[in-house]
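Enquirer: Sharing a structure below in structure tokens format, with a few things to ask.
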Amino acid sequence: MTQPSDIVVFRRGTEALSPAAYAEAIRQRLPDWSVALARTPQEERDLLSSARIATGISITEEQVSLAEQLDLFVVASSGTDHLPMDRLRERNVLVANASGIHAPGIAEQVLGYLLVFARRIHRGIRQQSAHQWRHYQATELMGSTVTVVGLGSIGHAVARRLEPFGSYTIGIRYTPAKGGPTDEVIGFEPDKIHEAFARSDYVVLCSPLTETTHGLVGSEEFGTLRPDAVVVNVGRGPLIETSELVDALRKGEIGGCALDVTDPEPLPSDHPLWDLDNVIITPHMGGHTPEHWPRLADILAENAKLLDDETEQEGFRNVITN
């Protein structure tokens, strides 16, 4: 028989990481709480009947109905559009997301992309595969102009990591008055975006997908960019018009692109992007590091300690509804 527990960790992991490590990380942070890792759908249902906190990559309306004691659900992703938010609100269940925990890994991946293109390392790898010793011209990241679209946690982390390289940075955000870690901050007005793109050696897309950002980079933007400019997308695939990206690459309108997210995703095996020499594709794994679970466990533990303290309700971390 399944023993009641304060916290239930759902059985499905994320990014190929075992949820067992997540459960152990929570136990280390909350030694006075009982933590159970569900191994089967039935165990999830049984444990939810008494749990105050549940955590995993998703939760269904049926599970919310079963969770009579549930106070908090911690989702193992930044996005929440796959959750039954209305039902969770009806049950007065707080929802905390994983926003920010991926920023260090994704920012380092962006820096890797930029260095690969600046130093033309991808060309060196191709020549090595062909056993060719042939000199080619590389450039420097120092002195380049990098436009960072989206100044959330990922955009901030990218901009901070560029500082030691001596790059000039332009940040794009909805509220430029808030400022940011970049040398300039502008809004999403099309004329300002094009002016920034015209000056950019690199454009890094790390904003969420919204009505404003959907299809943000298409044929007009590719036509504005320099022929040697590089576009990096670590936000969401539909930020870029994929067919127009392929055209721009084939025509030499831009120098290259690096994609950790694509549209469609996964990218079909016969998609033309796979075969272009100036394209780097990684399978949506920029935030995939062993620090994923410890960072998420920190968010859960901080919020768990505040559940019974009515004076600290504003101190909840990453809570998006109440």
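Any read-out appearing in this document is the output of simple, stated calculations on the displayed coordinates, not a laboratory observation. None of these values were measured; they are calculated from a predicted model. Positions of Cβ are backbone-derived with ideal geometry, glycine not excepted, and every protein chain shown enters the neighbour counts.
Enquirer: When DSSP assigns beta bridges and you keep just the ones with both residues in the chain, what percent turn out antiparallel, to the nearest 5?
Expert: Percentage antiparallel, nearest 5: 10.
Enquirer: Please work out whether region 165-206 counts as rounded, prolate or oblate from its C-alpha gyration tensor, where a ≥ b ≥ c are the square roots of the eigenvalues and a/c under 1.5 means rounded, while otherwise a/b larger than b/c means prolate and anything else oblate?
Expert: Cα axes put region 165-206 in the oblate bin.
Enquirer: Quick query: amide H of Leu94 versus all other amide H atoms, modeled in the peptide plane; which residues come in under 5 Å with a sequence gap of 5 or more or a different chain?
Expert: The list, which skips near neighbours in sequence, is Leu72, Phe73.
Enquirer: Could you give each residue of region 87-102 its phi-based ³J(HN,Hα) in whole Hz, using Karplus coefficients 6.51, -1.76, 1.60 with θ = phi - 60°, and x for Gly or Pro?
Expert: My calculation for region 87-102 gives 5, 5, 5, 4, 8, 6, 8, 5, 10, 10, 9, 9, 3, x, 6, 8 Hz in order.
Enquirer: By the gyration tensor of its Cα atoms, with a ≥ b ≥ c the square roots of the eigenvalues, what is the shape of region 205-322: rounded for a/c under 1.5, prolate for a/b over b/c, or oblate?
Expert: Prolate shape, in that a/c is at least 1.5 and a/b is the bigger ratio.
Enquirer: Separate question: Ranked highest first by average number of other Cβ atoms within 10 Å, how do 268-281, 295-308 line up?
Expert: The densest-packed peptide leads the list: 295-308, 268-281.
Enquirer: Would you indicate which of (1) 14; (2) 31; (3) 35 is the value of percent of Cα pairs over 35 Å apart derived from the coordinates of this structure?
Expert: Working out percent of Cα pairs over 35 Å apart from the coordinates points to (2).
Enquirer: A further question on this structure: For region 258-267, what does the Karplus curve 6.51 cos²θ - 1.76 cosθ + 1.60, with θ = phi - 60°, yield as ³J(HN,Hα) per residue in whole Hz, taken in order and with x for Gly and Pro?
Expert: 10, 10, 9, 10, 9, 9, x, 9, x, 6
Enquirer: Continuing with this model, one more query. Helix 242-251 versus the longest principal axis of the chain: what is the Cα-based angle in degrees, 0 to 90, to the nearest 10?
Expert: 20 degrees
Enquirer: What is the packing order of peptides 106-118, 72-84, taking the mean over residues of other C-beta atoms within 10 Å and listing the highest first?
Expert: 106-118, 72-84
Enquirer: Treating the angle as unsigned and between 0 and 90°, give the value, to the nearest 10°, between the Cα long axis of helix 103-119 and the longest Cα principal axis of the chain.
Expert: Around 10 degrees separate the two axes.
Enquirer: Here is a further query. Pull up all non-local amide H partners of Val148: gap of 5 or more, or a different chain, and H-to-H distance under 5 Å with H placed in the peptide plane.
Expert: Amide H neighbours of Val148: Ile170, Gly171, Ile172, Val204.
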